[in-house]
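Here the structure comes first, spelled out in structure tokens, and everything after it is commentary.
The values are calculated or read from the model by the stated rules, or taken from the named source; none is laboratory data. Just so you know, these numbers come straight off a predicted model, no measurement behind them. Note that each Cβ is placed from the backbone with ideal geometry, even for glycine, and that neighbours are counted across all protein chains shown. Surface accessibility is based on the protein's heavy atoms, side chains included, excluding ligands, DNA and RNA. Shrake-Rupley method; radii C 1.70, N 1.55, O 1.52, S 1.80 Å.
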Amino acid sequence: MNEFLKNKKILLIIGGGIAAYKSLDLIRLLKKNECEVKVVLTASGEKFVTPLSIASLSQNKVYQDIFDSEKEAEMDHISLSRWCDIILFSPITANSMAKLASGRADDLASTLILASNKPIILAPAMNVRMWLHKSTQVNFHKLLDFGYLTIGPSIGEMACGEYGEGKMSSPKEIFEFIKDYFSERNIIKSKNLKALVTAGPTKEYLDPVRFITNNSSGKQGYEIARSLSKFGVDTTLISGPSKLKKPENVNIIRVETTEQMFEETKRVLPVDIAVCAAAVSDFKPEKYEKNKIKKDTINLNLKRNIDILEFLAKNNQQRPKLVVGFAAETENISEFAKKKINRKYCDWIVANDVSNPEIGFGSDYNEVAIISKSGEVIKLEKNAKSFIANYIVKKIINHFVQ
Ligand code: CTP
């Protein structure tokens, strides 16, 4: 029995697909570990497993119809999503993913997910061609973008006889995923971890109307802050000028200049984790002119700005336990990033290519390499910035859980 699973409330949605039978085994595993399980069975799910077997295993009523409440006032789509700690859709079909990605709500499962404020985990299962179809992939990435967690699908022989990616993860794998999810959150909570994330560009004023800046949108840093806070880390985001909305449950401090970002960083210390995703201006005007500079007197002299990342990593008394920097490069990405780790005394560098307009600055996508002081290099292919953020944060969490 796992102490972190005890009394956890799992709302399991069983969708249509041969793999639906595996969810019966999953219910058994969850019940054995003293979880409470309530099940929503979709219309196509009912073609594969019977409500009677689910009710016997879960020891609870099975929910099937959005209009089947004994009393209309019960509103299952609201009460179920408020009751649970997590929602697990297993198996989820291509059709259900399409519905969730487009916000349709035409049955109990899709309606309660739309009305939910709980973590959602998806375990897709379908034929390999359906899984690899562009529309399924677009929907899947959209759902990742919404912050949904996913497990699988894995590669293997399918019920239809074909071989490939699309097989639902095994009940044991899904069970382990849920167990890890609750244990990590509990451990993080008990450690009271604090994180600081810098994001966005900075503005370095020459005079009251002119400044030096760059194209950073702040998206990658905001996503990292959002993800850290989802894992229960007390997160402060120090943001340069950005149009992005404050991520939920994140403390935000908005600044303009590098100097302000630096002052706020010092104020937030001590923290356990520092992620410097800001595109801080390396230079600032030597002198700030109080009045607008006239065009015939312009003479631009620059000086170096304080390096916030280096300050954090070198500041030995209050050094965060883990310092992560970013490296915006346009060439020789990994090579320059490795040098940056040494030069800036940080533990990891997340390197990306800002010369590619499809990724990096301003884009919703990124393609990065995570390089550690130890020499480990993890390359992440082009993916949504939210996905990249979740990956980085999961790695951060693992660092503290081990
Ligand atoms: N950084 C910082 N303070 C600065 C400059 C950069 O905290 N004054 C941080 C960024 O947030 C990022 C990392 O340093 O995490 C690397 O930024 P980058 O612009 O790629 O590197 P530079 O130090 O500017 O080096 P170079 O321009 O020579 O590549």
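Could you tell me whether region 133-197 comes out rounded, prolate or oblate from its Cα gyration tensor? Rule is a ≥ b ≥ c as square roots of the eigenvalues, rounded for a/c under 1.5, then prolate if a/b exceeds b/c, otherwise oblate. It comes out oblate by the Cα gyration axes. Relative contact order for the chain: 11 percent, from Cα pairs under 8 Å spaced at least 6 residues apart, divided by residue count. P(r) for region 9-186, please, calculated from all Cα pair distances in 10 Å bins and given in %. It works out to 10, 41, 38, 11, 1, in whole percents.
A Förster radius of 45 Å, combined with the Cβ-Cβ distance separating Asn192 from Asp296, puts the computed FRET efficiency at roughly 0.20. When its C-alpha radius of gyration is set against 2.2 N^0.38 Å (N residues), region 283-364 gives a value of 1.47. Taking each of Lys172/Lys379; Lys321/Lys394; Lys339/Lys382; Lys191/Lys394; Lys8/Lys134 in turn, the alpha-carbon distance tops 26 angstrom for Lys172/Lys379; Lys8/Lys134. Taken about its Cα centre, region 9-186 carries a charge dipole of about 200 debye when Lys and Arg each add +1 at the Cβ and Asp and Glu each add -1 at the Cβ.
Could you give the angle, 0 to 90 degrees to the nearest 10, between helix 333-344's Cα long axis and the longest principal axis of the Cα atoms of the chain? Its long axis makes an angle of about 70 degrees. Counting only DSSP beta bridges whose two residues both lie in region 159-283, roughly 10 percent are antiparallel. Sorted into 10 angstrom bins from 0, the C-alpha pair distances of region 259-402 split as 10, 35, 33, 15, 6, 1, 0 percent. Any idea which of Met1, Thr297, His77 is furthest toward the positive side of the dipole for the chain, if Lys and Arg beta-carbons carry +1 and Asp and Glu beta-carbons -1? Of the candidates, Thr297 comes out farthest on the positive side. Between the amide H of Ile252 and those of Leu237, distances stay under 5 Å, these residues lying 5 or more places away or on another chain, with hydrogens modeled in the peptide plane. Between region 79-133 and region 328-347, what is the separation of their alpha carbon centroids in Å? Spelled out, the Cα-based centre of one part sits 40 Å from the other.
Based on DSSP H segments of at least four residues, each scored -39500 (n - 2.57), the chain has a per-residue ellipticity at 222 nm of -10500 deg cm²/dmol.
With θ taken as phi - 60° and the Karplus curve 6.51 cos²θ - 1.76 cosθ + 1.60 applied, the whole-hertz 3J(HN,Hα) list for region 45-59 is x, 5, 6, 10, 9, 8, x, 5, 5, 5, 4, 5, 6, 7, 6 Hz, x standing for glycine and proline. Tell me, what % of the accessible area of the chain is carbon and sulfur with a 1.4 angstrom probe? In the chain, the share of accessible area belonging to carbon and sulfur is 50 percent. The string of couplings for region 365-377 from the Karplus curve (6.51, -1.76, 1.60, θ = phi - 60°) is 10, 8, 9, 10, 10, 9, 10, 9, 4, 6, x, 5, 10 Hz, one whole number per residue in order, with x for Gly and Pro. Projecting the Cα atoms of Leu237, Val275, Pro285 onto the dipole axis of region 236-285, where Lys and Arg carry +1 and Asp and Glu carry -1 at the beta carbon, places Leu237 farthest toward the positive end. Roughly how far apart, in whole Å, are the Cα centres of region 226-296 and region 155-210? Each part reduced to its Cα centre gives a spacing of 24 Å. Calculated on the Cα set of the chain, radius of gyration then Dmax: 24.3, 85 Å.
Ordered from longest to shortest, the equivalent ellipsoid semi-axes for region 169-268 are 35, 15, 8 Å, each the square root of 5 times a Cα gyration tensor eigenvalue.
Calculated on the Cα set of region 193-238, radius of gyration then Dmax: 13.8, 42 Å.
Compare the peptides 294-307, 335-348 by average per-residue count of other Cβ atoms within 10 angstrom and give them in order, highest first.
Numbers: 294-307: 10.6, 335-348: 18.1.
The peptides rank, most packed first, as 335-348, 294-307.
Ligands, DNA and RNA are left out, and with a 1.4 angstrom probe the accessible area of the chain is 49 Å² per residue. Have a look at the DSSP beta bridges in the chain and tell me what percent are antiparallel, nearest 5. DSSP beta bridges in the chain are roughly 30 percent antiparallel. Under a model in which nothing but the beta-carbon of Lys, Arg (+1) and Asp, Glu (-1) is charged, the chain shows a dipole of about 1060 debye around its Cα centre.
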